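Have a look at the structure below, then the notes.
The values are calculated or read from the model by the stated rules, or taken from the named source; none is laboratory data. If you're wondering where the values come from, they're calculated on a predicted model, not measured in any experiment. We place every Cβ from the backbone using ideal geometry, glycine too, and count neighbours over all the protein chains shown. Remember, those area values only see protein heavy atoms, side chains included, never the ligands or the DNA or RNA. Shrake-Rupley method; radii C 1.70, N 1.55, O 1.52, S 1.80 Å.
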Amino acid sequence: MNKEIALIRGDGIGPDVVEEAVKVLNSVAKKYNHVFFYKEVIAGGRAIDMFNNPLPKEQLELCLNADSVLLGAVGGPKWDNLEQNLRPEKALLGLRGGMKVFANLRPAHMFPQLKSASPLKDEIIASGIDILIVRELTGGIYFGEKGMSPDGNSAWDTEMYSKKEIERILKVGFEAAEKRCKKVTVVDKANILSSSRLWRTVAENIHREYPEIELNFLYVDNAAMQLVRNPSQFDVIATSNMFGDILSDEASQLTGSIGLLASASLGDGSGPGLYEPIHGSAPDIAGKNIANPLAAILSAALMLRYDFKLEDEALAIENAVNSVLDEGWRTLDIAGNVEKTRALGKLVGTKEMGDRVVSALLNN
Ligand code: NAD
């Protein structure tokens, strides 16, 4: 199979982790006789420096014309004080909106080898954590009308959802649940927000098409609490843009490290998907060869699964990551007792972790 992949290395640790994901994709290509071509796309802080624009139109076009898009992360303190339209995050919203990727799939899976890295007590995580958060990505308050009064004394953002937007994201949630444990939890704030009440009505209607799926509702404050009290009750969580943003970061930490979690952002299937680790650009550790590249590597696996329909190859990456963790290799963020891990010779940097995954993949 020949595929063209747009690479947005981005800022901070973005280039560090994307480099390792590319190494792993190349080893998949070698093992399974595929050809992956790459084209570089500049977005985020780097694009602000080069073009005074976080996402120039031509760069978005490069993404739209690719078969798939892999993003590291964007942003950093250098660009924090720019006006809103010039901030790196604008590139993320521009990519998501421009590529029409309305469904963000964020698996929060705890690798059993890393149970000790979870902040939760053993008895709470005894039955593991395996949650798929399906977050609406191109609507809601992040895209709604916003503004500030001329005197600067008040400001507003608007949460607005259409029935169509809710329907299409909930269908993604129900369909994902069909292949998993057949349970969807819709998270909202229906006791306060009218947009949430619309989510509930739409969810109840769509549920009729998926009678084998169990549907329940939770207010977002309760959901945040239930995630730490009893995470194994969840299978698929379907929710709005902002609630999904917050809950998926919480869920990621429960699994051990933000450096492990991948995400896929998908549209209606007519264009490429956008694959990225859920972490940010981590400027504090950028360029130091200590960032964990596994979230980016696992994002590449999701790309193979969803955009290229290469399930065996996706599984090969996931199994390789699993065996590297089984062998005890750890980056700093998942090392637990760092001195002990170092003494055992198992503490590795970004590049070595990538190399370990490549050799596990090629040798299994
Ligand atoms: P962050 O995810 O970058 O970092 C949070 C903490 O997690 C830091 O201590 C960091 O060192 C650590 N961390 C993150 N990824 C790691 C990895 N792969 N390996 C080891 N440790 C890791 O979040 P932040 O500090 O809130 O944001 C930093 C910058 O990233 C900001 O400019 C923010 O706007 C941007 N950001 C970008 C994205 C994106 O591009 N999708 C997402 C979130 C934040």
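How about segment 260-283: which of its residues are surrounded by fewer than 23 Cβ atoms within 10 Å (Cβ to Cβ), among the small types (Gly, Ala, Ser) and within 9 Å of the ligand (Cβ to nearest atom)?
Passing the criteria: only 280.
Suppose we filter segment 48-92 for residues that are open to solvent by 50 Å² or more (accessible area, probe 1.4 Å), within 11 Å of the ligand (Cβ to nearest atom) and either in a strand (DSSP E or B) or not basic (Lys, Arg) (or both); how many remain?
Count: 3.
Can you tell me how many residues within segment 295-332 are over 22 Å from residue 275 (Cα atoms), assigned to a helix (DSSP H, G or I) and open to solvent by 40 Å² or more (accessible area, probe 1.4 Å)?
Going through segment 295-332 one residue at a time, the tally reaches 2.
Taking the criterion of being more than 20 Å from the chain's Cα centre (by Cα), within 16 Å of the ligand (Cβ to nearest atom) and either modelled with pLDDT of 95 or more or closer than 25 Å to residue 281 by Cα (or both), would at least one residue in segment 302-315 satisfy it?
Looking for residues that are more than 20 Å from the chain's Cα centre (by Cα), within 16 Å of the ligand (Cβ to nearest atom) and either modelled with pLDDT of 95 or more or closer than 25 Å to residue 281 by Cα (or both), one finds none in segment 302-315, hence no.
Right, residue 165: more than 16 Å from the ligand (Cβ to nearest atom), charged (D, E, K, R) and open to solvent by less than 60 Å² (accessible area, probe 1.4 Å) or not?
yes
Would you check if residue 228 is surrounded by fewer than 16 Cβ atoms within 10 Å (Cβ to Cβ), among the β-branched types (Val, Ile, Thr) and under 22 Å from the mean Cα position of the chain (by Cα)?
yes
Considering (1) modelled with pLDDT of 95 or more; (2) within 27 Å of residue 93 (Cα to Cα), say which one residue 176 fails and leave the rest.
(1)
Taking the condition more than 15 Å from the ligand (Cβ to nearest atom), part of a helix (DSSP H, G or I) and modelled with pLDDT of 95 or more, does residue 95 pass? Talk me through it step by step, then tell me what you get.
Working: more than 15 Å from the ligand (Cβ to nearest atom): no; part of a helix (DSSP H, G or I): yes; modelled with pLDDT of 95 or more: yes.
No: the conditions fail for residue 95.
Can you work out which of the residues in segment 58-92 that are over 20 Å from the mean Cα position of the chain (by Cα), of a type in the set (Asp, Glu) and modelled with pLDDT of 95 or more is farthest from residue 324 (Cα to Cα)?
58
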